[in-house]
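The values are calculated or read from the model by the stated rules, or taken from the named source; none is laboratory data. Bear in mind the structure is a predicted one, so any value in this text is a computation, not a measurement. Because the Cβ atoms are built from the backbone with ideal geometry, glycine has one as well, and the counts that use them run over all protein chains shown. With ligands, DNA and RNA removed, areas are computed over all heavy atoms of the protein, side chains included. Shrake-Rupley method; radii C 1.70, N 1.55, O 1.52, S 1.80 Å.
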Amino acid sequence: MKILHCPINGPRPISEFIFGGEYRTMPDPDTCSDKDWADYVHNRSGGPGVKKEWWYHAPSGTWIIAERDTGSDQVMATYLPNSITKEATHE
Amino acid sequence: MPLRLLKYAFSKEHPDPAFFTQPDSLKHSYDAVIIGGGGHGLAAAYYLAKDHGITNVAVLEKGYLGGGNTGRNTTIVRSNYLTPEGVKFYDTSVRLFQELSEDLNLNLFYSTRGHFTLAHTESAMRTMRWRAEVNKHVGVESYVVGPDDILKACPQIDISCGGNAPILGALYHAPGSIARHDAVAWGYARGAYQRGVDIFQSTEVWDIKTSGGKVVGLNTSRGFIATNKVLSAVAGFTPRITDMLGIRTPIVIQPLQACVTEPMKPWLDTILVSGSLHVYVSQSSRGELVMGASLDPYELHSTRSTLDFVEGLSGHILDMFPFLSNVKVVRQWAGMADMTPDFAPIMGKTPIEGFYLDAGWGTWGFKATPVSGKTMAETIAKDQAPELIHSFRLSRFEDYELTGEKGAASVGH
Ligand SMILES: Cc1cc2nc3c(=O)[nH]c(=O)nc-3n(C[C@H](O)[C@H](O)[C@H](O)COP(=O)(O)OP(=O)(O)OC[C@H]3O[C@@H](n4cnc5c(N)ncnc54)[C@H](O)[C@@H]3O)c2cc1C
C-alpha cells in the first residue's frame, strides 16, 4: 500500500487521503481577461512531471501540499499549505 | 511425422496472413500524418482514404497497434448518454459498429447483449428516467425497468446486494454491445493499408514543427516528415503532444483498471453496470468475466495496476453475485484515461492551423472509434468540423459551453 506522509499525523495509507488537484495561483478576477479566467477555471498542466498538489487527510480534516512526480508517483515532500498560500497572497 | 511438420515450418506456401506490410522508410512528405495507432487513429486513416480519397497518409505508432487504451478497454458499446448531442453522436457510432464487421470484412465478434445501468438509490433512479427520456427523444431504445425485469434477464443476481445496496431498478438499453477491441484496430489498419495508407509501428513522434501558427512537419524516431496536417489521436498521451505546441487543455491523466476471471460456462448474457457499487461486468465470448471499476483516485501517467483495485472490485462484485466467491481473477491491467471536466471528448480544430485533436476519451472512447474516425477524417479533409462534433470542440471551455455527460459516463464506460 502506498504511504503518504502527513505533516500532522505522520505516515498514513494513501487511501485516507483525497486528491485535490494541482496547486495553482488564482489570477485577480477583477483585472484578468475573460480568456485568462477561462484558462484558470478549466485548463490544467496535464503532462507528467513534479507538481505541487493539494491532498486532504480525511480522518483528521487536514489539507496538505505534496510535491509529487505524476510520472513515477514518487512523493518528494509534503508540508502544510500556509507557507505557499502566504506567498501567493503577496503576489 | 515431425519431419513433415518441419517442412511446413520452412515452406513459404502457407504464409502467416499479414494484415499490412510496413514500408522500409517514411516518405519525405505526406498529405496528412496521424499520431497514434489506436482504434481512433486507424479509423481516421481508413475514412480519410475511403470517404475522401486522401491516401497519402501515414499513421505513426510508437508501440504496437492497439497497444494503448484500445487493447486495454472493456469494450462496452452503448449510446444511452445524457445530452442530446452526446446521444446522437454515440448512436451514430453504434450504427456504424453494427455494420462494421461487414464493412471491414473481419469478424469483430460484435455482440448485442442489452445493457442495464443499475440504480440503488432514488436519485440514481431520477438520472435513469432523465436519460431514458433524452434517449427516447433522440430515437434510442432505452427505458426504465424494475427489479423483476432485471431478475428475468439475470436470475443469478442478488437483487438486495447483500442487504447493503438493494437494487431499485435500472436503465435498460437494448443496443448495448461488446466487441473484440484489437480486431477493431487491426480491421481499420488493414482497410487503410489496402487503400494506400502507410502504417509504421515502433515509430514515435518527438516534436511537431510549426511556422507562422501552421503545422509544417514532425520529428520522429525515424526522421523528419513534412506535412501540413497532423491529427493527434493518442488518448492518455495527449498532454505530452499538446505541450509540444503550447496548446492548453483541461485534460488530466488518471489510470483506469480492469481485470478478467478464469473462463466459466456462459451464464451472463447482458452487460451490468452499477454506479453506486463502482463496478461493471460482462462475459466475453471466451467465458471470462470482464470487470472494471471507477477511475484510480489521482493523476498518474502510468499503467501500473494495484491490489486496492482488485480488492475493492471483488467486494462489490460479491455483493451482486455471492456465488462467484471461488472464481479466480487471472489478469489485471490499467490504461491511462485522458479525463475532461465534463466527461465529453475534445475533437476538432485547434489554435494551430493544421493541427487536429481527437482526445479526452477518458473511460468511454472505444464505443466512439468508428464515429470519431469518420468525423475526424471529415475535419481533416475539409479543414472544418462537422456539426455532429460541434459540442466537443476545444474552444467550448473558453466559451463556457460544456457538454455535461458525467451522469452518463462515470463508471458505466
Ligand atoms: C481499463 C479501461 C476500460 C475501458 N472501457 C471502455 C469501455 O468499456 N467502453 C468504451 O467505450 N471505452 C472504454 N475505455 C476507453 C477507451 O479504451 C479509450 O477511450 C479508447 O480506446 C481510446 O482509443 P484511441 O485510439 O484514441 O487511443 P489508444 O488506443 O490509447 O491509442 C493511442 C496510441 O497512441 C500512441 N502514441 C502515444 N504517443 C505517441 C507518440 N508520441 N508517437 C507515436 N505514437 C504515440 C500510443 O502508443 C497508443 O497506441 C476504457 C479504457 C480503459 C483504460
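The helices (runs of 4 or more DSSP H) found wholly in segment B:103-199 and carrying at least 3 residues that are farther than 20 Å from B:Phe366 by Cα occupy B:122-138, B:147-153. The residues of segment B:291-308 that are open to solvent by 20 Å² or more (accessible area, probe 1.4 Å), more than 9 Å from chain A (Cβ to nearest Cβ) and touching a strand residue (DSSP E or B) at 6+ places or on another chain (Cβ under 7 Å), listed by number, are B:Leu295, B:Thr303, B:Ser305. The combined condition, being more than 30 Å from B:Ser29 (Cα to Cα) and without any contact (Cβ under 8 Å) to a residue 40 or more places away in the chain, is not fulfilled by B:Arg78.
Condition check for B:Glu311 on (1) within 14 Å of chain A (Cβ to nearest Cβ); (2) surrounded by 17 or more Cβ atoms within 10 Å (Cβ to Cβ); (3) assigned to a helix (DSSP H, G or I): one failure, at (2).
Which residue, of B:Arg240, B:Arg248, B:Arg222, B:Arg286, is open to solvent by 10 Å² or more (accessible area, probe 1.4 Å), within 14 Å of chain A (Cβ to nearest Cβ), more than 10 Å from the ligand (Cβ to nearest atom) and basic (Lys, Arg)?
B:Arg248
Within segment B:341-353, restricting attention to residues that are open to solvent by 10 Å² or more (accessible area, probe 1.4 Å) and either within 12 Å of the ligand (Cβ to nearest atom) or not in a strand (DSSP E or B) (or both), which residue is nearest to the other protein chains (Cβ to nearest Cβ)? Of everything passing the filter in segment B:341-353, B:Pro341 is nearest to the other protein chains (Cβ to nearest Cβ). Which residues, taken from segment B:24-58, are part of a helix (DSSP H, G or I) and surrounded by 24 or more Cβ atoms within 10 Å (Cβ to Cβ)? Correct list: B:Gly39, B:His40, B:Gly41, B:Leu42, B:Ala43, B:Ala44, B:Ala45, B:Tyr46, B:Tyr47, B:Leu48. Residue-level analysis places B:Tyr64 outside the set of residues that are assigned by TED's automatic domain parsing to the domain that holds B:Ser160 and at pLDDT 95 or above. Checked against the criterion of being open to solvent by 20 Å² or more (accessible area, probe 1.4 Å), in contact with a Gly (Cβ under 6 Å, 6 or more places away or on another chain), within 21 Å of B:Ser284 (Cα to Cα) and within 15 Å of the ligand (Cβ to nearest atom), segment B:71-79 has at least one qualifying residue. What do you reckon, is B:Ser123 open to solvent by less than 50 Å² (accessible area, probe 1.4 Å) and among the hydroxyl-bearing types (Ser, Thr, Tyr)? Against the criterion (open to solvent by less than 50 Å² (accessible area, probe 1.4 Å) and among the hydroxyl-bearing types (Ser, Thr, Tyr)), B:Ser123 does not qualify. Only a single item in (1) within 12 Å of the ligand (Cβ to nearest atom); (2) within 25 Å of B:Ala174 (Cβ to Cβ) is not met by B:Gly67, and it is number (2).
In summary, B:Trp333 fulfils each of the numbered conditions (1) open to solvent by 10 Å² or more (accessible area, probe 1.4 Å); (2) away from the ligand (no atom under 14 Å from the Cβ) with the single exception of condition (2). Of the strands (runs of 3 or more DSSP E) lying entirely inside segment B:237-305, those carrying at least 2 residues that are of a type outside the set (Gly, Ala, Ser) and touching a Gly at 6+ places or on another chain (Cβ under 6 Å) are B:252-261, B:271-274.
Here B:Met264 clears all of (1) open to solvent by 40 Å² or more (accessible area, probe 1.4 Å); (2) within 24 Å of B:Met376 (Cβ to Cβ); (3) not aromatic (Phe, Trp, Tyr) except the condition numbered (2). Does A:His5 satisfy the criteria of being under 24 Å from B:Asp338 (Cα atoms), out of contact with any Lys or Arg (no Cβ under 7 Å at 6 or more places or on another chain) and not basic (Lys, Arg)? No. The number of residues in segment B:185-208 being touching a Lys or Arg at 6+ places or on another chain (Cβ under 9 Å), closer than 22 Å to B:Thr220 by Cα and more than 10 Å from the ligand (Cβ to nearest atom) comes to 2.
Inside segment B:251-266, can you point out the residues that are within 14 Å of chain A (Cβ to nearest Cβ) and of a type in the set (A, V, I, L, M, F, W, C)? Of everything in segment B:251-266, those that are within 14 Å of chain A (Cβ to nearest Cβ) and of a type in the set (A, V, I, L, M, F, W, C) turn out to be B:Ile251, B:Val252, B:Ile253.
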